[in-house]
Amino acid sequence: MNREKEGASFSTLRIYDEPEEWRNVLESSGISSQHEHQAEQRGSGMPQQPPAPQTSHGPVYQEMSSGTPQQWVLQPLDRSELQASWLSEAEPEAAAELDRSFLPGPECGQPCPSPPPSEEVWSFLRAIPPVPDEVVVRQRAPRESWKVGNVRHGKKVYAIAISGSTHHVYTCGHGYIKVWDESALHACNKAPQAQLDFQDHQSRVLACKLLPDEQSLITGGLSRNLTLWDLAPTPRVRAQLACTGPMCYSLALSSNAQICLACFKGFVEIWDLQNQILIRKHEVPEYGSRCVDIAGNKFWTGGEDASLYSWDLRSYQRVQEHHFRHEILSITHDPSEEWVLVGLRNSDIIILHTHRREKLKIFFNKYIHHHNLKFSSCGSYFVTTLDESIHCLTAPSLQRLFQAEESTDILCCDVSSDNQYLVTGSKNSATVYQLLY
């Protein structure tokens, strides 16, 4: 896509603060490709209750009468301070290539017609055992946050992680990592439970990731090694993975934690964590390697060249390339691995579907130095930090949940896997917020 045409390609939507029942809208689910049409009117003027946390809503928009299935023209809603926009990359000449199941039905909001499943398919579906209730992730989103504490790291906190099972916080920076137990999260001057010092005191952790079992942590940064830590019963170094670059800017883990990607200037190292083997040193554009993320069989890279690249993990071929007008500062994905979020230097957030040619752009209209993104484990909301400010939005409906301000720039953030805490790292400390439902 042409850089000059990028802005014109997006039709404007609004992030909104009011309840979602106030207007007839067409809602598109971020997990499903079906669209549901709801017509809900405001009542007697009494304040509306917010939608139930379990309900997942799509990007809110209205279709203009001149729109066609191939080129939807979207009309902005009229209530918000923030703006968002929707783009389908399927231009007229490319629309014919799309699977017809992705196109709208004969009427706006109607499911797409398709033949009923065959008896063979039904037999297969009936043979699948039901999912136990205890393993179903309940969709919910916090209504507000409460600042409960502050932990003093002593130096800049470049990377941070919080465990959902133990609520231990790991603050990472220059020369050491500090471990804080849950009691320290509700205090201001409590000492850390442990301090993990690096042999090279010039080492600086710029990225960290908790493995899904939350029993291990991997760190990278200004060092010739990636460090794999065992966290229980006592934190200790399990392995040092020798890198081929001097500075690791970003880390990404596959959903099963078997693959770890480490992003360096001009290349990405692909590691087999289970066997601690470097699988491949994969070259990427030199100025497109500031951040990395992995979703399914693809991984994504981006950086100063304002271009987002996706790569196939099996063939290592470039699959897609998206050009923007501003530098990419962060990349993350939702738990379903269907949507990728890209944070830009001008504070815009681009939301791309990993399989369909769909984009959503969120405008914050603020030039920033630090932009962090974190999706919740339940997939119903995400957090973005823009310098000193924190914004929490529902996904995919983009309702604003809460906003908070800090006194200094936020360098990193994380949300606990049980969706109880949000933590941010800044100049020399970390701030802890409890999420309220």
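So which of 324, 363, 382 ends up being surrounded by fewer than 21 Cβ atoms within 10 Å (Cβ to Cβ) and touching a residue at least 40 places away in the same chain (Cβ under 8 Å)?
363
When the residues of the range 291-312 are filtered to those that are over 16 Å from the mean Cα position of the chain (by Cα) and within 20 Å of residue 207 (Cα to Cα), which remaining residue is surrounded by the most Cβ atoms within 10 Å (Cβ to Cβ)?
Taking the range 291-312 and keeping what is over 16 Å from the mean Cα position of the chain (by Cα), we get 297, 303-307, 309, 311-312.
Applying the additional criterion that residues be within 20 Å of residue 207 (Cα to Cα) yields 303-304.
Values: 303: 26, 304: 17.
Top of the filtered list is 303.
Name every residue in the range 340-364 that is touching an Asp or Glu at 6+ places or on another chain (Cβ under 9 Å), under 21 Å from residue 412 (Cα atoms) and not in a loop (DSSP other than H, G, I, E, B), in order of residue number. So that I can check it myself, show each step before the final result.
Pass one, the range 340-364, residues touching an Asp or Glu at 6+ places or on another chain (Cβ under 9 Å): 340-342, 344-347, 351-359, 361-364.
Cutting the leftovers down to under 21 Å from residue 412 (Cα atoms) gives us 340-342, 344-347, 351, 362-364.
Those that are touching an Asp or Glu at 6+ places or on another chain (Cβ under 9 Å), under 21 Å from residue 412 (Cα atoms) and not in a loop (DSSP other than H, G, I, E, B): 340, 341, 342, 344, 351, 362, 363.
Report, by residue number, each residue of the range 159-204 that is small (Gly, Ala, Ser) and either without any contact (Cβ under 8 Å) to a residue 24 or more places away in the chain or not in a strand (DSSP E or B) (or both). Don't jump to the end; show me each part of the working.
Pass one, the range 159-204, residues small (Gly, Ala, Ser): 159, 161, 163-165, 173, 175, 183-184, 187, 191, 194, 203.
Passing the criteria: 163, 164, 165, 173, 175, 183, 184, 187, 191, 203.
Do you know which residues across the range 403-424 are open to solvent by 30 Å² or more (accessible area, probe 1.4 Å), in contact (Cβ under 8 Å) with a residue 40 or more places away in the chain and charged (D, E, K, R)?
Residues satisfying the conditions are 409, 418.
Consider residue 244 carefully, then state whether it is open to solvent by less than 60 Å² (accessible area, probe 1.4 Å), touching a Leu at 6+ places or on another chain (Cβ under 9 Å) and not hydrophobic (A, V, I, L, M, F, W, C).
Numbers: open to solvent by less than 60 Å² (accessible area, probe 1.4 Å): no; touching a Leu at 6+ places or on another chain (Cβ under 9 Å): yes; not hydrophobic (A, V, I, L, M, F, W, C): yes.
So residue 244 fails the test.
Out of all the residues in the range 371-383, is one or more over 15 Å from the mean Cα position of the chain (by Cα) and part of a loop (DSSP other than H, G, I, E, B)? Quick ask: steps written out before the conclusion?
Taking the range 371-383 first, the residues over 15 Å from the mean Cα position of the chain (by Cα) are none.
No: zero hits.
Name the residues in the range 159-202 that are within 15 Å of residue 247 (Cβ to Cβ) and buried (at least 21 other Cβ atoms within 10 Å of the Cβ), would you? Full working, then the answer.
So in the range 159-202, the residues within 15 Å of residue 247 (Cβ to Cβ) come out as 159, 172-174, 198, 200, 202.
Listed by number, the residues that qualify are 159, 172, 173.
Is it the case that residue 288 is within 14 Å of residue 373 (Cα to Cα) and in contact with a Ser or Thr (Cβ under 7 Å, 6 or more places away or on another chain)?
Values: within 14 Å of residue 373 (Cα to Cα): no; in contact with a Ser or Thr (Cβ under 7 Å, 6 or more places away or on another chain): yes.
It is false that residue 288 is within 14 Å of residue 373 (Cα to Cα) and in contact with a Ser or Thr (Cβ under 7 Å, 6 or more places away or on another chain).
Take the residues in the range 421-437 that are of a type in the set (S, T, N, Q) and more than 24 Å from residue 379 (Cβ to Cβ), then tell me which one is farthest from the chain's Cα centre (by Cα).
Of all residues in the range 421-437, those of a type in the set (S, T, N, Q) come to 424, 426, 428-429, 431, 434.
Still in the list and also more than 24 Å from residue 379 (Cβ to Cβ): 426, 428-429, 431.
Values: 426: 20, 428: 25, 429: 23, 431: 20 Å.
My answer is 428.
Out of the range 402-420, which residues are over 16 Å from the mean Cα position of the chain (by Cα), assigned to a strand (DSSP E or B) and not charged (D, E, K, R)?
Hits for the range 402-420 are 402, 403, 404.
Would you check if there is a residue in the range 212-231 being part of a loop (DSSP other than H, G, I, E, B), at pLDDT below 95, in contact with a Lys or Arg (Cβ under 8 Å, 6 or more places away or on another chain) and open to solvent by 20 Å² or more (accessible area, probe 1.4 Å)?
Looking for residues that are part of a loop (DSSP other than H, G, I, E, B), at pLDDT below 95, in contact with a Lys or Arg (Cβ under 8 Å, 6 or more places away or on another chain) and open to solvent by 20 Å² or more (accessible area, probe 1.4 Å), one finds at least one in the range 212-231, hence yes.
Here is a check on your reading of the model: is residue 207 open to solvent by less than 30 Å² (accessible area, probe 1.4 Å) and in contact (Cβ under 8 Å) with a residue 60 or more places away in the chain?
Values: open to solvent by less than 30 Å² (accessible area, probe 1.4 Å): yes; in contact (Cβ under 8 Å) with a residue 60 or more places away in the chain: no.
Against the criterion (open to solvent by less than 30 Å² (accessible area, probe 1.4 Å) and in contact (Cβ under 8 Å) with a residue 60 or more places away in the chain), residue 207 does not qualify.
The values are calculated or read from the model by the stated rules, or taken from the named source; none is laboratory data. Values in this document were obtained by computation on a predicted structure and should not be read as measured data. Positions of Cβ are generated from backbone atoms using ideal geometry, with glycine treated the same way; all protein chains shown enter the neighbour counts. Each accessible area value is taken on the protein alone, full model and side chains, heavy atoms only, with ligands, DNA and RNA left out. Shrake-Rupley method; radii C 1.70, N 1.55, O 1.52, S 1.80 Å.
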